[in-house]
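A.B. asks: Structure below; questions to follow.
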Amino acid sequence: MEYKFPDGFWWGAATSGPQTEGRFHKAHRSVFDYWYDIEPEAFFDRVGPNVASNFYNDYVQDIALLKEIGLNSVRTSIQWTRLIKDLEQNTVDEEAVRFYRAVLDEFLRQGIRPVINLHHFDLPVALYKKYGGWESKHVVDLFVQFATKCFELFGDRVKDWVTFNEPMVVAEGEYLYQFHYPNLVDGRKACQVIYNLNLASAKAIAAFRASKCAASGGRIGIVLNLTPAYPRSEEPADQKAAAFAEDFKNNAFLYPATKGGFPESLEKVLAADGVLWQSTPEELAIIRENTVDFLGINYYHPFRAKARETAFDDDSGWLPEKYFEEYEMPGARMNPYRGWEIYPQALYDIAINVRDNCGNIPWYVAENGMGVEGEERFRNEEGFIEDDYRIDFLKEHLTWLHKGIEEGSNCFGFHMWTPIDCWSWKNAYKNRYGFIAVDLATQKKTIKKSGRWMHDVSAQNGF
Ligand code: BG6
């Protein structure tokens, strides 16, 4: 074996409630459920979240498959739109409580550590319509009530909690780049949403610490998508562009989560442009005092930045692109199905960044993986998909991660996106990411070659 990982390393995979469960018996619609209902053609092949990978009905057999491929930990999420019946009063749906308890019991029975996230792009649409969703601090408080309810109801079964998955993607998808309902382009609102999501996370952490969960050995973190910003060149203008992109895309969440405050350089620019968020001293104190116990980091691709070559068009109001343009690096290695650059070395850079700039806080890779279209063409005569490209992709990333750990970064696990092919938002089932394939017509699930490989990696704690 060439690469051995620290004792107790998490070998697992991540998914979410809205992408797996299906909409069976759900009290409310999320922004994605609603968007699909009003505009199904916006989704690949018009496939929506109604059935997803049928986890609501299949969880016992699904979790058995996860055990079979050797996962020792799995992240999924509790859906606000399923658990809470009355969003203002925070009353629960008893069937949802039964379902989530049964799921958690099944994970524990199979010896798989459940990591539970509280928000995976699934804001109840009613709260968008009534209050403007994450633009509103009242919604922040409703979220904290929901989180508190989860700690009370499931804290006996769950030790590892996550407040948000990729909060930056909420701001980007809903308010900048139009890939989440309501598909707005509004940089000022995006800034307020970034602040409010940080506040919601800190308030939920405060509620967690006041609950029985913390006293009984639980811990709480956040999952951030980090896209390290690399400048096109050594030229000061390119360096400056990349530094702003790093602040806006990464540090706007990384700093509050780990240092308790926003990057001053970012605040300065936003204030000068008149788009700094509305905050109060009391809220800033909550953010300062409630940093995370651990970090989950999703890494898929880097961000390459260059100084603007064209004038910024003010007509659509303030946007972060005022300070950079995306640089399409010639010769970049691409995943053509998703259009994302493959750059495994960034995982090492992330490890070192967390070590040197975030107090070497405990962290794990909470998502990394490769979405591939048309994987059925790789199904062999024995009936399983030979996804060697995925194994190679994982090995390369793990090799760089290993180097970061060897150099002292405090990383305790690696989760691939995703255990079982699941519903991917607008892309629906176009690209498949799983260790386990799903036949959408029959919901038959079969382990891919990468799933068998993961079994061995997990058993040997390395490869
Ligand atoms: C992450 C999300 O952004 O990447 C997942 O946490 C998502 O929810 C995954 O499915 C893969 O991205 P996509 O857009 O291809 O589904």
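The values are calculated or read from the model by the stated rules, or taken from the named source; none is laboratory data. Computed from a predicted model, the values in this text were never measured in an experiment. Cβ atoms come from the backbone with ideal geometry, glycine included; neighbour counts cover every protein chain shown.
A.B. asks: Which numbered condition in (1) touching a Leu at 6+ places or on another chain (Cβ under 9 Å); (2) more than 16 Å from the ligand (Cβ to nearest atom) is the only one that D314 fails?
C.D. replies: Among (1) touching a Leu at 6+ places or on another chain (Cβ under 9 Å); (2) more than 16 Å from the ligand (Cβ to nearest atom), D314 violates only (1).
A.B. asks: Identify, by number, the condition in (1) surrounded by fewer than 18 Cβ atoms within 10 Å (Cβ to Cβ); (2) out of contact with any helix residue (DSSP H, G or I) (no Cβ under 6 Å at 6 or more places or on another chain); (3) under 23 Å from G22 (Cα atoms); (4) touching a residue at least 40 places away in the same chain (Cβ under 8 Å) that H119 doesn't meet.
C.D. replies: Against the list (1) surrounded by fewer than 18 Cβ atoms within 10 Å (Cβ to Cβ); (2) out of contact with any helix residue (DSSP H, G or I) (no Cβ under 6 Å at 6 or more places or on another chain); (3) under 23 Å from G22 (Cα atoms); (4) touching a residue at least 40 places away in the same chain (Cβ under 8 Å), H119 comes up short only on (1).
A.B. asks: Would you say I352 is within 16 Å of the ligand (Cβ to nearest atom) and either within 24 Å of the chain's Cα centre (by Cα) or buried (at least 21 other Cβ atoms within 10 Å of the Cβ) (or both)? Break it down stepwise before answering.
C.D. replies: Details: within 16 Å of the ligand (Cβ to nearest atom): no; either within 24 Å of the chain's Cα centre (by Cα) or buried (at least 21 other Cβ atoms within 10 Å of the Cβ) (or both): yes.
The answer is no for I352.
A.B. asks: Moving on to the next point. If A215 passes every condition in (1) more than 18 Å from R304 (Cα to Cα); (2) of a type in the set (G, A, S); (3) in contact with a helix residue (DSSP H, G or I) (Cβ under 6 Å, 6 or more places away or on another chain) but one, which one does it miss?
C.D. replies: (3)
A.B. asks: Just one of the numbered conditions (1) within 14 Å of the ligand (Cβ to nearest atom); (2) touching a residue at least 60 places away in the same chain (Cβ under 8 Å) is not true of E373; which one?
C.D. replies: Just one mismatch for E373, condition (2).
A.B. asks: Tell me which residues, restricted to region 147-184, are away from the ligand (no atom under 16 Å from the Cβ), in contact with a strand residue (DSSP E or B) (Cβ under 9 Å, 6 or more places away or on another chain) and closer than 19 Å to E283 by Cα.
C.D. replies: The one that is away from the ligand (no atom under 16 Å from the Cβ), in contact with a strand residue (DSSP E or B) (Cβ under 9 Å, 6 or more places away or on another chain) and closer than 19 Å to E283 by Cα: A147.
A.B. asks: Here is a list: A311, A307. Which entry is more than 29 Å from K159 (Cα to Cα) and surrounded by 14 or more Cβ atoms within 10 Å (Cβ to Cβ)?
C.D. replies: Working: A311 fails: surrounded by 14 or more Cβ atoms within 10 Å (Cβ to Cβ).
That would be A307, the only listed residue that is more than 29 Å from K159 (Cα to Cα) and surrounded by 14 or more Cβ atoms within 10 Å (Cβ to Cβ).
A.B. asks: For T227, which of the numbered conditions (1) under 19 Å from the mean Cα position of the chain (by Cα); (2) assigned to a helix (DSSP H, G or I) fails to hold?
C.D. replies: Result: T227 fails condition (2) only.
A.B. asks: Would you please list the contacts, defined by Cβ atoms under 7 Å and residues six or more apart or on different chains, that run from a residue in region 408-419 that is touching a residue at least 60 places away in the same chain (Cβ under 8 Å) to a residue that is of a type in the set (V, I, T) and within 12 Å of the ligand (Cβ to nearest atom)?
C.D. replies: Correct list of pairs: T418/T15; P419/T15.
A.B. asks: Given K26, K4, which one is in contact with a Gly (Cβ under 7 Å, 6 or more places away or on another chain) and basic (K, R)? Full working, then the answer.
C.D. replies: Values: K26 fails: in contact with a Gly (Cβ under 7 Å, 6 or more places away or on another chain).
The match here is K4.
A.B. asks: For region 59-91, which positions are of a type in the set (S, T, Y) and free of Cβ contacts under 8 Å to residues at least 24 places away in the same chain? Working first, answer last.
C.D. replies: Let us first name the residues in region 59-91 that are of a type in the set (S, T, Y), namely 59, 73, 76-77, 81, 91.
T91 - this is the single residue of region 59-91 that is of a type in the set (S, T, Y) and free of Cβ contacts under 8 Å to residues at least 24 places away in the same chain.
A.B. asks: Okay, moving on. Is one or more of the residues making up region 440-463 within 14 Å of the ligand (Cβ to nearest atom) and either under 29 Å from N357 (Cα atoms) or modelled with pLDDT of 95 or more (or both)? Show your work before the answer.
C.D. replies: To start, the set of residues in region 440-463 that are within 14 Å of the ligand (Cβ to nearest atom) comprises none.
No, the conditions are met nowhere in region 440-463.
A.B. asks: Oh, and also: Please indicate, with yes or no, whether at least one residue in region 59-72 is charged (D, E, K, R), within 16 Å of the ligand (Cβ to nearest atom) and under 15 Å from S16 (Cα atoms). Even if it seems obvious, please write down each step before you answer.
C.D. replies: Initial filter on region 59-72 (charged (D, E, K, R)): 62, 67-68.
The next check asks that each one be within 16 Å of the ligand (Cβ to nearest atom); those that pass are none.
Scanning region 59-72, I find no residue that is charged (D, E, K, R), within 16 Å of the ligand (Cβ to nearest atom) and under 15 Å from S16 (Cα atoms), so the answer is no.
A.B. asks: Please return the ranges of helices (runs of 4 or more DSSP H) entirely within region 16-74 where 1 or more residues are of a type in the set (A, V, I, L, M, F, W, C), surrounded by 23 or more Cβ atoms within 10 Å (Cβ to Cβ) and out of contact with any helix residue (DSSP H, G or I) (no Cβ under 8 Å at 6 or more places or on another chain).
C.D. replies: Working: elements: 17-20, 31-38, 55-68.
Correct list: 55-68.
A.B. asks: I've got another one for you. Among the residues in region 394-401, are any aromatic (F, W, Y), within 16 Å of the ligand (Cβ to nearest atom) and either at pLDDT 95 or above or under 30 Å from G173 (Cα atoms) (or both)?
C.D. replies: Residues of region 394-401 that are aromatic (F, W, Y), as a first pass: 400.
In the following step, the residues that additionally are within 16 Å of the ligand (Cβ to nearest atom) were identified as none.
So far as region 394-401 goes, no, none of its residues is aromatic (F, W, Y), within 16 Å of the ligand (Cβ to nearest atom) and either at pLDDT 95 or above or under 30 Å from G173 (Cα atoms) (or both).
A.B. asks: Right, another one. Residue check, Y337 against (1) surrounded by fewer than 17 Cβ atoms within 10 Å (Cβ to Cβ); (2) aromatic (F, W, Y); (3) over 25 Å from the mean Cα position of the chain (by Cα), all met but one. Which one?
C.D. replies: The single condition Y337 does not satisfy is (3).
A.B. asks: Taking region 196-206 on its own, how many of its residues are in contact with a Ser or Thr (Cβ under 6 Å, 6 or more places away or on another chain) and more than 16 Å from the ligand (Cβ to nearest atom)?
C.D. replies: Applying the first criterion (in contact with a Ser or Thr (Cβ under 6 Å, 6 or more places away or on another chain)) to region 196-206 yields 201, 204.
Checking which are more than 16 Å from the ligand (Cβ to nearest atom) leaves us with 204.
Looking only at that region, the number is 1.
A.B. asks: Okay, moving on. Being surrounded by fewer than 16 Cβ atoms within 10 Å (Cβ to Cβ) and not aliphatic (A, V, I, L, M) is the filter here; which residues of region 423-442 pass it?
C.D. replies: K426, D439, T442
A.B. asks: Something else about it: What are the residues in region 196-224 that are in a helix (DSSP H, G or I), more than 15 Å from V162 (Cα to Cα) and free of Cβ contacts under 8 Å to residues at least 60 places away in the same chain, if any?
C.D. replies: Initial filter on region 196-224 (in a helix (DSSP H, G or I)): 196-209, 212-215.
Retained after the next criterion (residues that are more than 15 Å from V162 (Cα to Cα)): 196, 212, 215.
Within region 196-224, just A215 meets the criteria.
A.B. asks: In addition: Out of curiosity, is I405 more than 16 Å from the ligand (Cβ to nearest atom), aliphatic (A, V, I, L, M) and surrounded by 16 or more Cβ atoms within 10 Å (Cβ to Cβ)? Don't jump to the end; show me each part of the working.
C.D. replies: Numbers: more than 16 Å from the ligand (Cβ to nearest atom): yes; aliphatic (A, V, I, L, M): yes; surrounded by 16 or more Cβ atoms within 10 Å (Cβ to Cβ): yes.
In short, yes.
A.B. asks: Here is a further query. Do we find a residue being within 16 Å of the ligand (Cβ to nearest atom) and assigned to a loop (DSSP other than H, G, I, E, B) anywhere in region 272-281? Let's see the steps before the verdict.
C.D. replies: Going through region 272-281, the residues within 16 Å of the ligand (Cβ to nearest atom) turn out to be none.
No - not one qualifying residue is present in region 272-281.
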